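Shown next, in structure tokens, is the structure this report addresses.
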Amino acid sequence: MKRVPLAVLLLVILIVFSSVEAQESKLSFEQALTLFQSGQTAEAADALRAQAKTDPENVELLTYAGISVGSLAGEAEQDYMAAGRLAMESFGYLDRAVALNDQHVKARLYRGLVAVNVPPFMGRLDQGITDLLTVLNIHKAHPDQVSDEDHLTAHSLLAIGYDKKGERVKAFAVRQRGIKLCPEGSDELKAALAQSEVPDLSGVDIESEIDSIHIQGFDAEAEIQKAKVLIEQGEKEKALSILKKAAESAPKTEAIYPLIFDLVFEIVDTGYDESIRGDTDTRSKQAFDVMNWSDKAVLAFPENNQFRLIRGAMGIHMPFFVGKLDQAIEDLEQVVNSDAPDSLKAEALYMLGLGYTRKASSYWNDVATEYENEDAYQDVLEAMRPAIQKVDETSLDKPVLIVDFISAFQDQIAPQIAVWIENSEGEFVKTLYVSGFSGHAREIQVVLPQLASQTGFKGVDGVTAASIDAGEHVMTWDLTDLDGERVKKETYTVFVEVSHWPSMKYQVISAEIQIGKKKTTVIKKEGDFLPYVEVTYIPK
């Protein structure tokens, strides 16, 4: 076969790419807007996405790209992972639009609309309320800039936002204000008001809240100093609140963001604790909060490679449902190809390695969740399965029971695992290990059902630890019960339970072993997710 000359090949590639670009941009903004208004949301979103790539500073275009993608998120609410990714994409467009023009009515209104409708753990509710107050503020100063329809919509959405925050009195006052200023078309506000008890409004001043949105002569430096004093006093939550409000009022103050990052990262690094019993969405809220502020920093200072590196690193480390992996890889590649110092480039390259590893594992996860009946499914399980390494028995105090098992599946996040002992009567004796989330959340959100039913989470406080991922793990039992008393010699059953998310892969395996005078080993090889469990009893 004759080789195609390079010049001809390049020409063909150029023609193909030109054709693709022409297809992507064949719809005008007006046509895409018409599609959106006629209910063809997916088609409109695709067209607006394509146009946003070629015109990334067009506020109007970004605004409608954001609201069309946000509408897709609402339509996908049954698929919460897809809905979450689309919501984050929507905020990406709307954040850029507001950053370019913070007085753009539609950008503020639509970002407020999406913000009050996404789950509160995404951390956008306060920002959405600020956006809607801004629309009312603009109308108050320049009534001709806000249509009657948008003015009424802002009142309705703001009331919903206050309701979600539990501020029912403010919600009532906003609805009352909307009906007074927009009597035509305010049936929805009137209906909501009719269902509410009339509260005491004497301490509520919605007009002041609206007026406070644009404070003249805002002193960002003074707020930073105030926050630093609070940090020194250990009042970190108060300091963080001050800094966030300062960044909202003065987003171009570069010194605010490193302080916000330090405080947010410190909170995230604390891991699971008892607080998740009251709010199992705590970690999700923290994840979205980190990404929200990383986005704001990069939007305000796109040439700051330190901020871009932070956003890239956070996008790699955040749970998959935040949906920032591809953006993170783009950020890190931009740092590598910039004039950043070598220290930043080296860190970016390291994080890129982690990012591409996560991206690669997602393909295997797709095979495991969508193609269980294909040969490739077994190939994935075999590739995930780690090598087995034996424990040094001579280093252990005797008598002892050794539980050596393989967790052989790697999901988007580490699984929940528990190991516990029952006696010959099926009575719970002792828990050896339980993953952090399950050990702290317990009955609030059960993901290890057999552990819950058999043990009632008794005695988990001392053995709740960080989640363990795919690999070999060894637990030991000193043959004592919950009270620290040595158990009698008889047959005991060791249980190992694992639950993966989001793939929903699950397995529980048990092994009976005799505690007596001689060394005994029992090996179980069954299932795909705990394919090897070895239990060894060593007498004194």
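The values are calculated or read from the model by the stated rules, or taken from the named source; none is laboratory data. Just so you know, these numbers come straight off a predicted model, no measurement behind them. Glycine gets a Cβ as well: all are built from the backbone with ideal geometry, and neighbour counts include every protein chain shown.
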Next on the checklist: Take SER241 and tell me if it is within 20 Å of THR130 (Cβ to Cβ), free of Cβ contacts under 8 Å to residues at least 60 places away in the same chain and not aliphatic (A, V, I, L, M).
Outcome noted: yes
Next on the checklist: Restricting to segment 349-365, name every residue that is surrounded by 12 or more Cβ atoms within 10 Å (Cβ to Cβ) and either modelled with pLDDT under 85 or more than 30 Å from GLN306 (Cβ to Cβ) (or both).
Outcome noted: TRP364, ASN365
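Could you grab me the full set of residues in segment 482-500 that are assigned to a loop (DSSP other than H, G, I, E, B) and crowded, with 16+ Cβ neighbours inside 10 Å?
Correct list: VAL487, HIS500.
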Checklist entry - List pairs: first in segment 66-85 and in contact (Cβ under 8 Å) with a residue 12 or more places away in the chain, second not in a helix (DSSP H, G or I), Cβ under 7 Å, 6+ apart or cross-chain? => result MET81/PRO502; GLY84/GLY323; ARG85/GLY323
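Yes or no, residue by residue, for (1) among the aliphatic types (A, V, I, L, M); (2) touching a Gly at 6+ places or on another chain (Cβ under 8 Å):
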site: LEU136; (1), (2): yes, no
site: PRO143; (1), (2): no, no
site: SER147; (1), (2): no, no
site: GLY161; (1), (2): no, yes
site: LYS165; (1), (2): no, no
site: PHE172; (1), (2): no, no
site: GLN176; (1), (2): no, no
site: LYS180; (1), (2): no, no
site: ALA191; (1), (2): yes, no
Checklist entry - Of all the residues that make up segment 412-424, how many are surrounded by fewer than 24 Cβ atoms within 10 Å (Cβ to Cβ) and outside any strand (DSSP E or B)? => result 5
Next on the checklist: I need the full set of residues from segment 464-522 which are out of contact with any helix residue (DSSP H, G or I) (no Cβ under 8 Å at 6 or more places or on another chain), modelled with pLDDT of 95 or more and among the aromatic types (Phe, Trp, Tyr), in order please.
Outcome noted: TRP477, TYR492, TYR506
Next on the checklist: Given the criterion surrounded by fewer than 21 Cβ atoms within 10 Å (Cβ to Cβ) and among the hydrophobic types (A, V, I, L, M, F, W, C), identify the matching residue among MET122, MET81, MET88.
Outcome noted: MET81
Checklist entry - Out of curiosity, is ALA297 at pLDDT 90 or above, at negative phi and out of contact with any Cys (no Cβ under 9 Å at 6 or more places or on another chain)? => result yes
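Suppose we filter ILE523, ILE515 for residues that are β-branched (Val, Ile, Thr) and touching a Phe, Trp or Tyr at 6+ places or on another chain (Cβ under 6 Å); which single one remains?
None of the other options fit; the residue is ILE515.
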Checklist entry - How many residues are surrounded by 21 or more Cβ atoms within 10 Å (Cβ to Cβ) and not in a helix (DSSP H, G or I) if we restrict to segment 136-166? => result 1
Next on the checklist: Out of VAL204, VAL229, I need the residue that is assigned to a loop (DSSP other than H, G, I, E, B) and of a type in the set (A, V, I, L, M). Which one?
Outcome noted: VAL204
Checklist outcome for this item: Taking segment 458-472 and the residues there that are within 27 Å of the chain's Cα centre (by Cα) and part of a strand (DSSP E or B), the one that is surrounded by the fewest Cβ atoms within 10 Å (Cβ to Cβ) would be ALA465
